[in-house]
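Undergrad: Got a structure for you, questions after.
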Amino acid sequence: MNDTIETQGQGAGMKQGHVLDLKLPIGWLLSAYGVLLTVYGLLTKKEVYAISLGINLNLAWGILMIVIGGGFLLTAFLKRKKA
Amino acid sequence: MDPVITLNAVDYAIIGGYILVMVFVGYSLKKYMKTGEDFFLSGRSLPGWITGLAFLSANLGALEVIGMVANSAKYGIATVHFYWVGAIPAMVFLGIFMMPFYYGSRVRTVPEYLKLRYNEATRGLNAISFAIMTVLMSGISLYAMALLFKIMLGWPLTQSILFAAVVVLLYVFWGGLSSSIYNEVIQFFLIWLGLLPIVFLGLKEVGGFAGFAAKLQETLLHSVKYLGTSNNPLGVDWFGVVMGLGFVLSFGYWTTDFLVVQRALASKNLNAARMTPIIASFPKMLVPIIVVIPGLVALLVLPEFSSAALPTADYNSALILLMKHYLPNGLLGLAITALLASFMSGMAGNVTAFNTIWTYDIYGTYIKKGMPDAHYLKVGKYTTVVGIAISVGTAYIVQSFPNLMDYMQLIFSFFNAPLFATFLLGMFWRGATAWGGFWGLLVGILTAAGHYALYKAGLLTYHSDMAANFYQAIWAWSADFVVTIGVSLFTAKRDPKELVGLVFGLTPKPKAEARWYARPAVWGTLAVIVAVVLNVIFW
């Protein structure tokens, strides 16, 4: 190990990646948001959506986020299975 | 004053979920922080898509988003120049031409490159000014965040400031640059998912682009058509836009600002480092979707921006008012989380850039040289604490003297404007000498300050403040360029052997190690072509 600040030779073999499969936290966060928005969208009354031009956007966006978040989780799990 | 927006439990759950994930990511990176390079440069181990998205997000702060929505309401579609002219060419240039010298020379910071290429004095000038600017900017944006959340949600200033500071401190202290980068990637997704609902609803209500065309002034609808003279909403002619914004300011920021360059230096290899800004350029081209469209929608749907109210309208409130206008609770929480995320990751970005420059270029150079790596790792971690404490202090000072904010931003612009000339000559002309670089940079900074003084004294006049700003950058850059060459002709040349790896023409070309579809030049060319096509479409 080269400890001085002036030179930092680093062999390729020493390189330890900062392995954090970012697909997992992103996937979990987006799917949790998706589930929350979908459930909330199903529970809220129609009048709430007067401002969003009558569209229950919580429901629609919630489903979209479940799909996106699920996609991240799926790729992460498939990759893990392969390894 | 009542807050503009009222949140409910679902909104708070969304905000809380984000904070939890952020802190969790920081904590799970803790175990990798063994060396200085791990903490300051993510161990140079990250893949290009991660550093690319972080490169984009580091710049996509909440103030930037709010400001660009405001600009779009003011200047219309011409705001796209801040993206398609004022970012893409510089990002591609950085990736294709400059990254081999930054990454290839194994420097750890931008000022360190200046040290190797020019001399200690040039590094010192850049490192000290950058460190001060970065830590003060972090305080300014902390204050701006707290103020926004106070007006928008009624949150008290002190609590907002301290809460954001503690969260950022936790995750940067644990995970260093990696934490910062990973959170920027999460922010990237949040900002799109949080703001796109406004875009959809806005377009639906006004009737799409046909609605804009039917109801807005013609001058707001074109990017290029009215640039022939400065008689357009920007008040700047094509020369100012192309040279000032597109060349000097944009190249100065994207290619030399350590905040963004640091992300590329964290890449796992040279190809990934070169791809970083090029990958970022594609989503960057699309950012106008979430800023320009809301800005135009604001003009048509908000009573605060009706033609009668326009002269006194506060453009910076456009985005917040649109959120209130369109978003039900739930999606509202998501949009607020997106803004909060971009504030926090912006602050984390500033703090990581500050602790790296401080530790390597100031502490490790002028205060304690040649200590073991573990010592610098420790210094870096505690610098994070100090940096955040200074930010909090700055936020409090700015709170009592709001004008200070404008002055600071002004002074920072003096330092940034000429920098690109120093780098351009340094990387592409082997004849630039050590003192040529230093005096060029210094005269460039003074030229910017002098130009500003003349403009304020009324001796120079422009069509708009923005034009003055663009032309000031052009003058500063030119002064730096001319003085660097002039002084270089009369001072001692560097031995070409010392410049191998630092200057074009003395550095062996990187072998084309990647297949054609993974090569920076291919993707960079594509990015420029797409940007040109977009400009033609919105001509």
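Undergrad: Write out, first by first residue and then by second, each pair whose Cβ atoms fall under 8 Å of each other, whose residues are 6+ apart or on separate chains, and whose first residue, in the range B:1-15, is within 10 Å of another protein chain (Cβ to nearest Cβ) while the second is hydroxyl-bearing (Ser, Thr, Tyr) and open to solvent by less than 50 Å² (accessible area, probe 1.4 Å).
TA: As it stands, the answer is B:10/A:40; B:14/A:33; B:14/B:337, since those pairs meet every condition given.
Undergrad: Something else now. Scanning the range A:37-47 for residues that are open to solvent by less than 60 Å² (accessible area, probe 1.4 Å) and either at pLDDT 90 or above or assigned to a helix (DSSP H, G or I) (or both), which turns out farthest from the other protein chains (Cβ to nearest Cβ)?
TA: A:38
Undergrad: Let me ask another. Taking residue B:205 as the residue in question, decide whether it is surrounded by fewer than 24 Cβ atoms within 10 Å (Cβ to Cβ), among the acidic types (Asp, Glu) and either within 14 Å of chain A (Cβ to nearest Cβ) or more than 21 Å from the chain's Cα centre (by Cα) (or both).
TA: Yes, satisfied.
Undergrad: In the range B:364-382, which residues are in a loop (DSSP other than H, G, I, E, B) and more than 9 Å from chain A (Cβ to nearest Cβ)?
TA: Of everything in the range B:364-382, just one residue is in a loop (DSSP other than H, G, I, E, B) and more than 9 Å from chain A (Cβ to nearest Cβ), namely B:368.
Undergrad: Please find, within the range A:11-36, the residue that is modelled with the highest pLDDT out of those that are open to solvent by 70 Å² or more (accessible area, probe 1.4 Å) and within 10 Å of chain B (Cβ to nearest Cβ).
TA: A:28
Undergrad: Could you tell me whether residue B:227 is closer than 30 Å to residue B:137 by Cβ and surrounded by fewer than 24 Cβ atoms within 10 Å (Cβ to Cβ)?
TA: No: the conditions fail for residue B:227.
Undergrad: Can you say whether residue B:21 is away from every other protein chain (no Cβ under 14 Å) and touching a residue at least 40 places away in the same chain (Cβ under 8 Å), as far as the supplied structure shows? Can you show your working first?
TA: Numbers: away from every other protein chain (no Cβ under 14 Å): no; touching a residue at least 40 places away in the same chain (Cβ under 8 Å): yes.
Spelling it out, it is not the case that residue B:21 is away from every other protein chain (no Cβ under 14 Å) and touching a residue at least 40 places away in the same chain (Cβ under 8 Å).
Undergrad: Is one or more of the residues making up the range B:135-144 within 14 Å of another protein chain (Cβ to nearest Cβ), part of a helix (DSSP H, G or I) and open to solvent by 10 Å² or more (accessible area, probe 1.4 Å)? Quick ask: steps written out before the conclusion?
TA: Our first condition is that a residue be within 14 Å of another protein chain (Cβ to nearest Cβ); within the range B:135-144, this holds for none.
So far as the range B:135-144 goes, no, none of its residues is within 14 Å of another protein chain (Cβ to nearest Cβ), part of a helix (DSSP H, G or I) and open to solvent by 10 Å² or more (accessible area, probe 1.4 Å).
Undergrad: Quick check on the range B:500-510. Is at least one of its residues closer than 30 Å to residue B:224 by Cα, open to solvent by 60 Å² or more (accessible area, probe 1.4 Å) and out of contact with any strand residue (DSSP E or B) (no Cβ under 7 Å at 6 or more places or on another chain)?
TA: Checked against the condition, which is being closer than 30 Å to residue B:224 by Cα, open to solvent by 60 Å² or more (accessible area, probe 1.4 Å) and out of contact with any strand residue (DSSP E or B) (no Cβ under 7 Å at 6 or more places or on another chain), the range B:500-510 yields no hits at all.
Undergrad: Checking residue B:342 against (1) away from chain A (no Cβ under 12 Å); (2) farther than 25 Å from residue B:124 by Cα; (3) over 16 Å from the mean Cα position of the chain (by Cα); (4) not aromatic (Phe, Trp, Tyr): exactly one of these is not met. Which one?
TA: All conditions are met except number (3).
Undergrad: Separate question: Kindly indicate the residue of the range B:24-41 that is farther than 20 Å from residue B:265 by Cβ and at the interface with another protein chain (Cβ under 8 Å from one of its Cβ atoms) and also least open to solvent (accessible area, probe 1.4 Å) among those meeting that condition.
TA: Residue satisfying both the conditions and the ranking: B:25.
Undergrad: Please state which of the following conditions residue B:330 fails to meet, knowing it meets all the rest: (1) at positive phi; (2) open to solvent by 10 Å² or more (accessible area, probe 1.4 Å).
TA: Checking residue B:330 against (1) at positive phi; (2) open to solvent by 10 Å² or more (accessible area, probe 1.4 Å), the one that fails is (2).
Undergrad: Look through B:203, B:221, B:190, B:227 and report the one residue that is within 30 Å of residue B:50 (Cα to Cα) and touching a residue at least 12 places away in the same chain (Cβ under 8 Å).
TA: Within the list B:203, B:221, B:190, B:227, the selection yields B:190.
Undergrad: Working carefully through the options B:460, B:454, find the one that is open to solvent by 30 Å² or more (accessible area, probe 1.4 Å), free of Cβ contacts under 8 Å to residues at least 40 places away in the same chain and not in a helix (DSSP H, G or I).
TA: Every option except B:460 fails the conditions.
Undergrad: Checking residue B:104 against (1) touching a helix residue (DSSP H, G or I) at 6+ places or on another chain (Cβ under 9 Å); (2) free of Cβ contacts under 8 Å to residues at least 60 places away in the same chain; (3) of a type outside the set (Asp, Glu), which test does it fail?
TA: For residue B:104, the exception is condition (2).
Undergrad: Checking residue B:44 against (1) at negative phi; (2) open to solvent by less than 30 Å² (accessible area, probe 1.4 Å), which test does it fail?
TA: (1)
Undergrad: Then there's this: Looking at B:395, B:353, B:389 in this structure, which one is within 19 Å of residue B:127 (Cα to Cα) and either open to solvent by 50 Å² or more (accessible area, probe 1.4 Å) or assigned to a helix (DSSP H, G or I) (or both)?
TA: Values: B:395 fails: within 19 Å of residue B:127 (Cα to Cα); B:389 fails: within 19 Å of residue B:127 (Cα to Cα).
Result: B:353 is the single residue among B:395, B:353, B:389 that is within 19 Å of residue B:127 (Cα to Cα) and either open to solvent by 50 Å² or more (accessible area, probe 1.4 Å) or assigned to a helix (DSSP H, G or I) (or both).
The values are calculated or read from the model by the stated rules, or taken from the named source; none is laboratory data. Source: prediction; values computed, not measured. Note that we place each Cβ from the backbone using ideal geometry, even for glycine, and neighbour counts take in every protein chain shown. Protein only, heavy atoms only, side chains kept; ligands, DNA and RNA dropped before computing areas. Shrake-Rupley method; radii C 1.70, N 1.55, O 1.52, S 1.80 Å.
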